[in-house]
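Written out below as structure tokens is the structure these notes cover.
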């Protein structure tokens, strides 16, 4: 994956962050190596130990007020120490007047300075999710993703097994398409996977024998969504190659994507099998388990209780000699 450049950030988030470039085209090709942004207040005050120079840095009202309070020579020394590091770029928030020394020294060091109209807290709130997403682990899988009763079902299986047809049938029943054939997956936090379609294939599906279809055009805009958390993987397999299929659900399977463990439901297919209804049941069963109701465990508990009752009855009758 190519590195994220300051130029990319400006192009993609310049409008949202209300950015104004103060140093011209200087340093726009500097890479942004880490997804963190912080305030350099201590460095401006002279404490440079443990300074995270690789981060983006934002000067808020406190930092600008501190610089204004310094004498010109002291202010220049403070900024020279700050800009002596290989900083990706420097932001100034709340449309504050920028010290001339900052712009001049930054230009000399080829470090871009950008000013935002946003307050510091709002600036952080908007830029942090963007940086997190841009640096998040990601992968692309051959699968189809649908939102079924609010549950993200990722359908996997060999090419031609019927993933797209299953999702199309789900859409016809009122569920929503997220991605077909190619799913781009991004990790959010420790255990959340977000799936989305490629920007070119969003809303489209390829149905063998029919070709490309525009799902939103056929079923309405409510039939598609841009992204969805992946919660269950539904593996479609050939009946002949499926082996021993799960019968009770007690021994739940799992799979890993980007190191995140997800429930895995393997469904062997044979002619006439209604995979669409099965997919709906998988989604509803997941919702039940999420709410604390596990049908397999409940049935197992009920069965064990009945067996215990029968055993007690047999023991009682075996001791009845009348």
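Computed from the coordinates by the stated procedures, all read-outs in this text should not be read as laboratory data. Just so it is clear, the model here is predicted, and its values are computed rather than measured. Please note: Cβ atoms are built from the backbone with ideal geometry, for glycine as well, and neighbour counts cover all protein chains shown.
Based on the Cβ-Cβ distance from residue 84 to residue 122, what FRET efficiency comes out when R0 is 30 Å, to the nearest 0.05?
Working: r = 30 Å, r/R0 = 1.00.
Taking R0 as 30 Å, the efficiency between residue 84 and residue 122 is 0.50.
What is the Cα coordinate range of the chain on the first, second and third principal axes, sorted by size from largest, in whole angstrom?
108, 62, 31
Go from 0 up to the bin containing the longest alpha carbon distance in region 138-298, width 5 Å each, and give me the % of pairs per bin.
The distribution over region 138-298 is 2, 9, 19, 23, 21, 15, 8, 3, 1, 0, given as percents.
Working from Cα positions, state the angle (0 to 90°, nearest 10) between the long axis of helix 100-109 and the longest principal axis of the chain.
70 degrees
How far apart, in nm, are two points set 7 Å out from the Cα along the Cα-to-Cβ line at residue 15 and at residue 253?
4.6 nm
Using helices alone, I'd like the mean residue ellipticity at 222 nm for the chain: each DSSP H run of four-plus residues gives -39500 (n - 2.57), total over residue count, nearest 500. Write down the numbers at each step before the final one.
Details: 10 runs with 114 residues, N = 322.
Computed mean residue ellipticity for the chain: -11000 deg cm²/dmol.
Can you pull the one-decimal nm distance between simple spin-label points at residue 240 and residue 132, each 7 Å off the Cα toward Cβ?
About 4.9 nm, to one decimal.
Between residue 149 and residue 218, 0.36 nm times their residue separation minus their Cα-Cα distance comes to what?
On the way: separation 69, 0.36 × 69 = 24.84 nm, distance 2.04 nm.
My answer for the length gained is 22.8 nm.
With axes computed from alpha carbons, what is the tilt in degrees of helix 163-172 against the longest principal axis of the chain, rounded to the nearest 10 within 0 to 90?
Once rounded, the angle reads 90 degrees.
Using the beta-carbon distance between residue 29 and residue 74 and R0 = 22 Å, what value does 1/(1 + (r/R0)^6) give for FRET efficiency, to the nearest 0.05? Could the numbers behind the result be given before it?
On the way: r = 32 Å, r/R0 = 1.47.
Given R0 = 22 Å and the Cβ-Cβ separation, E is 0.10.
Measuring from the lowest to the highest alpha carbon on each principal axis, how far does region 6-135 reach, largest first, in angstroms?
So the three principal-axis extents are 39, 26, 25 Å.
Once the piece of chain linking residue 95 and residue 199 is laid out straight, how much longer is it, given 0.36 nm per residue of separation minus the C-alpha distance between them? Walk me through the numbers on the way to the answer.
Working: separation 104, 0.36 × 104 = 37.44 nm, distance 3.42 nm.
Full-extension gain reported as 34.0 nm.
Once fully extended, how much extra length lies between residue 207 and residue 261, figured as 0.36 nm per residue of separation less the alpha-carbon to alpha-carbon distance? Walk me through the intermediate numbers first.
On the way: separation 54, 0.36 × 54 = 19.44 nm, distance 3.02 nm.
Contour length minus the Cα-Cα distance gives 16.4 nm.
Defining a contact as two alpha carbons under 8 Å apart and six or more residues distant in sequence, what relative contact order in percent does the chain show? If you can, show how the numbers build up before the last one.
Details: 536 pairs, mean separation 41.2, N = 322.
Dividing the mean separation by the residue count of the chain yields 13 percent.
Counting pairs of alpha carbon atoms under 8 Å apart in space and at least six apart in sequence, what relative contact order in percent does region 138-298 give? Could you put the intermediate results ahead of the total?
Details: 307 pairs, mean separation 38.8, N = 161.
For region 138-298, the relative contact order is 24 percent.
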